Amino acid sequence: MKKIELHIQILIGLVLGLSFAIVSIKLGWPVSFTINYIKPVGTLFLNSLKMVAIPLVFASLIIGITSIEDTTKLSRIGGKTFFIYTVTTIIAVLLGLGIANLVRPGEVISTQTRDALLRLYGVQVEQHAGSLKQITTSGPLQFLVDLVPENLFQALGSNLNLLQVVVVATMLGIALLKIPVRKSKPVILFFEGLNEAIIELVRFIMKLAPVGVFALVSSLLIEIAGGSNTHEVFEILYALLWYVATVIIGLAVMTLVIYPIIMRFFSNTSYFTFLKEMRPAQLIAFTTSSSSAALPVTMECVEKHLGVSEEISSFVLPLGATVNMDGTAVYQGVAIVFIAQALGIKLSIETQLMIIANVAISSIGVAGVPGGAMVTTTMILHAIGIPGIGLALILAPDRILDMCRTVTNITGDAVVAVVVASTEGELTSDTNKHITRKD
Ligand code: ASP
């Protein structure tokens, strides 16, 4: 019997999870059953993916850097990667701002809904304001200071420190290139072994993906419906429909128009094939709302199915999962304009330029975890003089939008990996079917 492809299995898990949640909510099954027996399966799957993120980033970046060997090539690839990441992020935020200015979702929201949202979500906003206070009292160069951990093992101890891990691994990789081969070889071999073992582990974890996705989706929906008045949730979502639609249109344009254009110009890989091969990673990103959790799968898809060399993917992708967030940039562009419109604040051209700069810079600091964008969104509101309480207007549908923007985030990273590999003369493609590595 033909084996069902993994992404189809995951999709089945997603649909079954959705159906189970709907039936369970409709028939009033006890929420405690889901919390006690289904949610832990999802958490187990999510934790397994998160568990491999830090060692994978650390080992693969060191291998990526040391396997490039030639430092001129390394700086060329590094330069290209940073350049494309910056350009795509700027395009993404411009797109978000443009669409929000066109659709004007903040102008259709009634004053009653606006006040109700500010009341309902005001408390949650105060939590974000707490984190903001810490950031704003630490001075403008704090983000630079935060790049380097005072203790490597502490940095390796939390997924929120992924950016520091990237910095240390890059420095260590470069240092290994500088010392005599006799001494660097055993260290590199160690990381190569570690990397291979982690990849094997990921393959095993992915076998559990359909069940994990079922558990994650069903428990998320049942918890949302059980924790609050379902009627109220739907009313709020309805009132914010224009806003949600504007963000989704922005993400769709980025993913289905801008990326194909970039790929068309800089690579021979057909975008159709690309999307097909990326499906498992996109489904994991969608269900986990986390670029870091999806990273191992993204790497597997890009290397094994899109033919990008380990050398490039293990440098470009871990970096992308921590610093490149195009989906988040589109979302922030729309969200900020929406809040301003709903609060009756006019955004001048200068302020919108400030938003572009702020989103592009702060995207480096967004952690690839669910809701990672919240802190920087509060920061940007603060920087352009919009009351932070405005965040309350967008919190209700945030989890759904987080799922969607994370898909764009990881797709953007993979596009850059393919483009960098193509411009390095690594890929040949018979455009519609298989991509082969040029050896
Ligand atoms: N959840 C997103 C990610 O992991 C970050 C965010 O936009 O909140 O890519």
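The values are calculated or read from the model by the stated rules, or taken from the named source; none is laboratory data. Keep in mind that this is a model prediction, so the values were computed, not measured. For neighbour counting, all protein chains shown are included, and Cβ atoms are generated from backbone atoms with ideal geometry for every residue, glycine included. We work out accessible area using only protein heavy atoms, side chains counted, and drop any ligands, DNA or RNA first. Shrake-Rupley method; radii C 1.70, N 1.55, O 1.52, S 1.80 Å.
Our estimate of slack between Val87 and Ser32, defined as 0.36 nm per intervening residue step minus the Cα-Cα distance, is 15.1 nm. With 0.36 nm allotted per residue and the present C-alpha distance subtracted, the Ile4-Leu237 stretch has 80.3 nm of extension available.
Annotation: per residue accessible area for the stretch 270-312 equals 25 Å², rounded to a whole number [probe 1.4 Å, protein chains only].
Can you work out the PRE-style zone for Leu201? Point 7 Å along Cα to Cβ, and I want the residues of the stretch 38-68 with backbone N under 19 Å. What the label zone holds, given the 19 Å backbone N cut-off, is 42-64.
Between Ile38, Ile65, Ile410, the GNM of the chain built on Cα springs shorter than 10 angstrom shows Ile38 fluctuating the most. In a reduced charge model with +1 at each Lys and Arg Cβ and -1 at each Asp and Glu Cβ, the chain shows a dipole moment near 380 debye about its Cα centre. Evaluated at q = 0.13 Å⁻¹, a Debye calculation over the C-alpha positions of the chain (equal weights, vacuum) places log10 I(q)/I(0) at -1.22. Membrane-span-like helices in the chain, defined here as complete DSSP H runs extending at least 20 Å along the helix axis by their C-alpha atoms with mean Kyte-Doolittle hydropathy no lower than 0.0, are 6-27, 39-68, 71-103, 162-178, 181-207, 209-227, 271-288, 326-342, 398-423; this is a sequence and geometry rule, not a statement about a membrane.
So what does the Cα-only Debye profile of the stretch 316-439 read at q = 0.09 Å⁻¹, as log10 I(q)/I(0), no solvent term? Scattering profile of the stretch 316-439, log10 relative to I(0): -0.33.
What's the carbon and sulfur percent of the chain's accessible surface, probe 1.4 angstrom, rounded to a whole number? Display every interim value, and only then the final one.
On the way: 13460 of 20230 Å².
Here it works out to 67 percent.
Gain in length, Leu16 to Ile261, computed as 0.36 nm per residue apart minus the alpha-carbon separation, to one decimal in nm? Don't jump to the answer; show the numbers that get you there.
Values: separation 245, 0.36 × 245 = 88.20 nm, distance 3.50 nm.
Full-extension gain reported as 84.7 nm.
Toward the positive end of the charge dipole of the chain, with +1 on the Cβ of Lys and Arg and -1 on the Cβ of Asp and Glu, the farthest Cα among Val165, Ser110, Ala383 is that of Val165. Highest-first packing order for the peptide set 258-270, 207-219, 24-36, 94-106 is 207-219, 94-106, 258-270, 24-36, based on the mean count of other beta carbon atoms within 10 Å. Please enumerate, by chain and number, the aspartates and glutamates with C-alpha under 16 Å from the C-alpha of Lys39, excluding those fewer than 8 residues away in the same chain. Within reach: Glu223. From its DSSP helices (H runs of at least four residues, each -39,500 (n - 2.57)), the chain gives a residue-normalised ellipticity at 222 nm of -24500 deg cm²/dmol. In the chain, a dipole from Cβ-located charges (positive for Lys and Arg, negative for Asp and Glu) runs towards its positive end, and of Ser219, Ile91, Ile198 it is Ile198 whose Cα lies farthest in that direction.
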